[in-house]
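Read the structure below first, then the notes.
Here, each number is a calculation from the coordinates, and none is a lab measurement. Small disclaimer: the values here were computed from a predicted structure and weren't measured. Every residue, glycine as well, gets a Cβ built from its backbone with ideal geometry; the counts of neighbours run over all protein chains shown.
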Amino acid sequence: MNLARQLIADLTARGETVATAESLTAGLVCVTLTEVPGASAVVRGGLVVYATELKARLAGVDTRLLAEHGAVHPEVAAQLAEGARDRCGATWGLGLTGVAGPDPQDGVVPGTVHIGLAGPGVRDVRTHWFEGDRALVRTESVRAALLLLGEQLA
């Protein structure tokens, strides 16, 4: 993926790093980044927090937030990004949560995805609705996360 290659080059040039906390993508963002030669210099790691309780335990998401709103919520994505950044000691953190389908989760329709970005002076969340099967939702989620980071690095 050319986007991943560009991100690795940009992070390297800036002397910055990235980490992920992923739910619906289960590590695909980190995999996509680490497929690029030289990624080891800038990718700190990734947390796969597929289970709701791991979002709190591994990434530090507020348990009250999870209890009140469920795992698929914009603020959960923001806290996942912050948790990835903090727990992995990275400049940038990406957090992804959503419903890939085929069934709704906690009343949230398939295709709903929240992507958080945390970095120096940055806390951003984007919400997307992707139409398609499970594989497409996950693929588009990875692409959207990389684009969000790319916007900040540009």
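Pairs are defined by a Cβ separation below 6 Å, a sequence spacing of at least 6 or placement on different chains, a first member in the stretch 49-73 that is more than 17 Å from G116 (Cα to Cα), and a second member that is aliphatic (A, V, I, L, M); the pairs so defined are T63/A56.
Of the residues making up the stretch 100-108, at least one is in contact (Cβ under 8 Å) with a residue 60 or more places away in the chain and either of a type outside the set (S, T, Y) or in contact with a Leu (Cβ under 6 Å, 6 or more places away or on another chain) (or both). Select from the stretch 58-91 the residues that are surrounded by fewer than 21 Cβ atoms within 10 Å (Cβ to Cβ) and aliphatic (A, V, I, L, M) and write down the one among them that is nearest to V43 (Cα to Cα). Out of the qualifying residues, it is L58. Looking across the stretch 32-57, just one residue is in contact with a strand residue (DSSP E or B) (Cβ under 7 Å, 6 or more places away or on another chain), crowded, with 21+ Cβ neighbours inside 10 Å and part of a helix (DSSP H, G or I), and that is L33. Evaluation of L146 against the conditions (1) farther than 17 Å from L11 by Cβ; (2) in a helix (DSSP H, G or I) shows that the sole unmet condition is (1). Note on the stretch 100-120: residues that are more than 22 Å from L149 (Cβ to Cβ) and of a type in the set (A, V, I, L, M) amount to 2. For the stretch 17-62, a tally of residues being under 10 Å from the mean Cα position of the chain (by Cα) and acidic (D, E) returns 1. V137 satisfies every condition listed in (1) of a type in the set (A, V, I, L, M, F, W, C); (2) farther than 21 Å from L153 by Cβ; (3) surrounded by 22 or more Cβ atoms within 10 Å (Cβ to Cβ); (4) in contact with a helix residue (DSSP H, G or I) (Cβ under 8 Å, 6 or more places away or on another chain) except (4).
I'm trying to understand the selection: among the residues of the stretch 122-137, which are of a type in the set (D, E, K, R) and over 11 Å from the mean Cα position of the chain (by Cα)?
R123, D124, E131, D133, R134 - these are the residues of the stretch 122-137 that are of a type in the set (D, E, K, R) and over 11 Å from the mean Cα position of the chain (by Cα).
As a summary of the residue check, Q6 satisfies the conditions (1) assigned to a helix (DSSP H, G or I); (2) touching a residue at least 40 places away in the same chain (Cβ under 8 Å); (3) crowded, with 18+ Cβ neighbours inside 10 Å except for the one numbered (3).
Quick grid of which residues meet (1) under 24 Å from V18 (Cα atoms); (2) more than 10 Å from the chain's Cα centre (by Cα):
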position	(1), (2)
R85	yes, yes
G89	yes, yes
L94	yes, no
G101	no, yes
Q105	no, yes
V108	no, yes
P120	yes, yes
S141	yes, no
